[in-house]
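Chemist: Sending over a structure as structure tokens; questions will come in a sec.
The values are calculated or read from the model by the stated rules, or taken from the named source; none is laboratory data. Small disclaimer: the values here were computed from a predicted structure and weren't measured. Cβ atoms come from the backbone with ideal geometry, glycine included; neighbour counts cover every protein chain shown.
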Amino acid sequence: MLKPSPLARAEELSNRFDNPAPPWENGATATHRSGGALRPKTTTSLRDVARLAGVSVPTASQALNGRARISAKTRKRVAEAARRLRYTPHAAARRLILGRSDAVAIVPGSNMTGIFSDLFYRAVLTGVGGAFEEAGYRMLITPPLRGASQPPPFVQMARAREVDGVLIAGEVDARWVDDTVETGTPVVLLDNHLPGTAVPAVVNDNAGGAYRATQHLIELGHTRIGFVGATVGYPFGRETRDGYRRALADAGLSPDPALERLVPIDAERAREAADALLSLAEAPSAIFAVTDLLALGIIAAAQERGLAIPQDLSVVGMDDIELAALTTPPLTTVRVAKEEMGRRAAQVLLDLVRGREVSPRVVVLPNDLVVRGTTEGRR
């Protein structure tokens, strides 16, 4: 006879907490006493799931946990039984017995208003979610980070052992990362890295993408190329500017500070920046924007002035969000491997949670130039 696993014991402990009760076989209704009166049973146990699936409790536990060599047929049968019985193991019970939560915190950085409203990070989250779902982990998405003197929710969750790991997307105050690492909870950064620290990260090749975009405009004959960068407090802002300047230098062109504008990642602010650039006595014939959202603001500014894209002004963005192919004309951009970035970051965090070494510390993903309709040769 198989000895119940710790997970099975944890899930049996969850019987003390209410789950919706299933209809019982043969038309019988399970009851228990409360104050001397009989009333319907209000909990569904792992034993109920095992009975309906025709397997032992340990087998049901292992099938639901996804960590044992259970056949696909058995796993499917147990999952279907759990679904029919509306069974959900209690997270607190699992954490108490097993010392883990099978949950990770997903933290939107301070550079965004929400992870679902941002087209770039929404695509990244698709990759993140797929990897964690496949591994059987729940994602607890926290509110976006804001400047505060008190530790944000993800630090408190780590201290309380409510999560096994933390994945932070975008800009974050390094002190909160340090506080989390001190709890022993693994942390991985996504689309950001902290130079000089050992915190693992998965990022886009920002400098390389900016270089490639600027080089494309140079190859089309443009020599006065505007730059609309991002005023952010993490390496993305510096790296994209460095890539732009390096491409100019390699082509023998001197950077002109008058052609550079740094703005928050906001289409309206980009429109204002483009308006200022296009008002110069020697206006640029092309502009590189470090995100597609900024590029859309630039195109709006040019069209308000009656300029034709790309005949009068060439524009290149970076990200390749869903809207990039739908603009008029379609946007030339640098395609960032968004879903792959999310999937790789999730996998790094899973490796750390499982006690594995990760290398390299910072994974830099390559990108590709996608030439569409917003660039052409200088006339």
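Chemist: Mind checking whether some residue in the range 364-376 is among the acidic types (Asp, Glu) and under 21 Å from residue 274 (Cβ atoms)? Walk me through how you get there before you give the answer.
Modeler: Keep residues of the range 364-376 that are among the acidic types (Asp, Glu), which gives 368, 376.
When the remaining residues are screened for being under 21 Å from residue 274 (Cβ atoms), the result is 376.
Yes, some residue in the range 364-376 is among the acidic types (Asp, Glu) and under 21 Å from residue 274 (Cβ atoms).
Chemist: Let me ask something additional. Would you please list the contacts, defined by Cβ atoms under 8 Å and residues six or more apart or on different chains, that run from a residue in the range 70-83 that is in the same structural domain as residue 52 (by TED's automatic domain parsing) to a residue that is of a type in the set (Ser, Thr, Tyr) and surrounded by 13 or more Cβ atoms within 10 Å (Cβ to Cβ)?
Modeler: From the range 70-83, the pairs are 70/59; 74/59; 78/59; 81/87.
Chemist: Whether any residue in the range 263-272 is more than 26 Å from the chain's Cα centre (by Cα) and more than 19 Å from residue 112 (Cβ to Cβ) is what I want to check.
Modeler: Quick first cut of the range 263-272, residues more than 26 Å from the chain's Cα centre (by Cα) only: 271-272.
Subset that is more than 19 Å from residue 112 (Cβ to Cβ): 271-272.
The answer is yes; a qualifying residue exists.
Chemist: Among the numbered criteria (1) outside the structural domain of residue 108 (by TED's automatic domain parsing); (2) part of a loop (DSSP other than H, G, I, E, B); (3) closer than 30 Å to residue 177 by Cβ, which single criterion is violated by residue 244?
Modeler: Among (1) outside the structural domain of residue 108 (by TED's automatic domain parsing); (2) part of a loop (DSSP other than H, G, I, E, B); (3) closer than 30 Å to residue 177 by Cβ, residue 244 violates only (2).
Chemist: Still on this model: From (1) closer than 22 Å to residue 351 by Cβ; (2) charged (D, E, K, R); (3) buried (at least 17 other Cβ atoms within 10 Å of the Cβ), pick out the condition that doesn't hold for residue 241.
Modeler: The single condition residue 241 does not satisfy is (1).
Chemist: Next up: Would you mention how many residues in the range 102-160 are modelled with pLDDT of 90 or more and of a type in the set (Asp, Glu)?
Modeler: Qualifying residue count, the range 102-160: 2.
Chemist: Could you tell me whether residue 336 is hydrophobic (A, V, I, L, M, F, W, C), touching a His at 6+ places or on another chain (Cβ under 7 Å) and within 25 Å of residue 190 (Cα to Cα)? Before the answer, list the steps.
Modeler: Details: hydrophobic (A, V, I, L, M, F, W, C): yes; touching a His at 6+ places or on another chain (Cβ under 7 Å): no; within 25 Å of residue 190 (Cα to Cα): yes.
Taking the combined requirement at face value, the residue does not satisfy it.
Chemist: Within the range 296-317, track down each residue that is surrounded by fewer than 20 Cβ atoms within 10 Å (Cβ to Cβ) and not hydrophobic (A, V, I, L, M, F, W, C). Don't jump to the end; show me each part of the working.
Modeler: The initial filter retains those residues of the range 296-317 that are surrounded by fewer than 20 Cβ atoms within 10 Å (Cβ to Cβ), namely 300, 303-308, 311-312.
Once the filter is applied, which keeps residues that are surrounded by fewer than 20 Cβ atoms within 10 Å (Cβ to Cβ) and not hydrophobic (A, V, I, L, M, F, W, C), the range 296-317 yields 303, 304, 305, 306, 311, 312.
Chemist: Only one of 261, 271, 335 is buried (at least 19 other Cβ atoms within 10 Å of the Cβ), in contact with a strand residue (DSSP E or B) (Cβ under 9 Å, 6 or more places away or on another chain), basic (Lys, Arg) and at pLDDT 95 or above; which?
Modeler: Values: 271 fails: in contact with a strand residue (DSSP E or B) (Cβ under 9 Å, 6 or more places away or on another chain); 335 fails: buried (at least 19 other Cβ atoms within 10 Å of the Cβ).
Answer to the selection: 261.
Chemist: Kindly evaluate residue 248 against the criterion of being modelled with pLDDT of 95 or more, under 25 Å from residue 205 (Cβ atoms), among the hydrophobic types (A, V, I, L, M, F, W, C) and under 35 Å from the mean Cα position of the chain (by Cα).
Modeler: On the way: modelled with pLDDT of 95 or more: yes; under 25 Å from residue 205 (Cβ atoms): yes; among the hydrophobic types (A, V, I, L, M, F, W, C): yes; under 35 Å from the mean Cα position of the chain (by Cα): yes.
Yes; evaluated as a whole, the condition is true for this residue.
Chemist: When you scan the range 159-193, how many residues do you find that are assigned to a strand (DSSP E or B) and aromatic (Phe, Trp, Tyr)? Can you show your working first?
Modeler: As a first pass, look at the range 159-193 and keep what is assigned to a strand (DSSP E or B): 165-169, 187-190.
Remaining after also requiring aromatic (Phe, Trp, Tyr): none.
Of the residues in the range 159-193, 0 are assigned to a strand (DSSP E or B) and aromatic (Phe, Trp, Tyr).
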